[in-house]
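Report on one structure; see the data block that follows.
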Amino acid sequence: FGGYRDGPKGRDTTPRLAELAARGTSFAFAQAPSAGTMASVPAILTSKFFHSGIPLGPERKGKAPKVMPEALLLGELMKSSGYATGAITTHPYFNDWGLDQGIDSFDNSIGKTDDPRRVAAHLVTDSALAWIAKQRKKWFLWAHYIDPHGRYVPHSDGPAWGDTEEDLYD
């Protein structure tokens, strides 16, 4: 499932995802609203395409354009339906992007500053589990993992296949 176990390098890069897919539903085709975080995350949270429907503020040097309050976000819909809402994010984009609308607990402490070589998946997971454990009613949690993004770094608990960008990605 998504790995290269049968390829020339024989790397089984997604054994846990393969186990999950075997127990659930796996789609052979899916589309993303954009290739990049700056456009895809607001599109996912508003169910609108980035350049044709999301109310955005002016361009900001070095930052994503802010999503304006008149945008209706998934967190707001979930909150209005009686859910406790949370977000754990991992990138400076989220510091002042406007995506916290409707979120009771918005935590970007992991991504407060830029560190492209940050290994943070364990921090996100630990924070998510702690947040979930505190919930006493139905809940919605958005957990953003930075680790699958570019400038890949080795993880101490993962295989070491080499130092090239492709090796580190795998």
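The values are calculated or read from the model by the stated rules, or taken from the named source; none is laboratory data. Quick caveat: nothing in here was measured; it's all calculated off a predicted structure. We work out accessible area using only protein heavy atoms, side chains counted, and drop any ligands, DNA or RNA first. Shrake-Rupley method; radii C 1.70, N 1.55, O 1.52, S 1.80 Å.
Rounded to the nearest percent, how much of the accessible area of the chain (1.4 Å probe, protein heavy atoms only) is carbon and sulfur?
55
Taking amide hydrogens as modeled 1.01 Å from N in the peptide plane, which residues meet the under 5 Å criterion relative to Trp139, leaving out close sequence neighbours?
Placed amide hydrogens put Ala84 under 5 Å from Trp139.
Which whole-number value in Å² is the accessible area per residue of the chain, probe 1.4 Å?
Per residue, the chain has an accessible area of 65 Å².
Not counting ligands, DNA or RNA, and with a 1.4 Å probe, what is Trp161's accessible surface area in Å² rounded to the nearest 10?
Counting only protein heavy atoms, the figure is 80 Å².
Specify whether the C-alpha gyration tensor of the stretch 1-92 places it in the rounded, prolate or oblate class, a ≥ b ≥ c being the square roots of the eigenvalues: rounded for a/c under 1.5, otherwise prolate if a/b is larger than b/c and oblate if not.
Since a/c reaches 1.5 and a/b is larger than b/c, the shape of the stretch 1-92 is classed as prolate.
What angle do you read, to the nearest 10 degrees and between 0 and 90, between the alpha-carbon axis of helix 121-134 and the longest principal axis of the chain?
That helix lies at roughly 50 degrees to the long axis.
Give a residue-ordered list of calculated ³J(HN,Hα) values for the stretch 99-113 (Karplus: 6.51 cos²θ - 1.76 cosθ + 1.60, θ = phi - 60°; whole Hz; x for Gly, Pro).
Each residue's phi maps through the Karplus curve to give 8, 8, 4, x, 9, 5, 10, 9, 10, 10, 4, 5, x, 4, 10 Hz.
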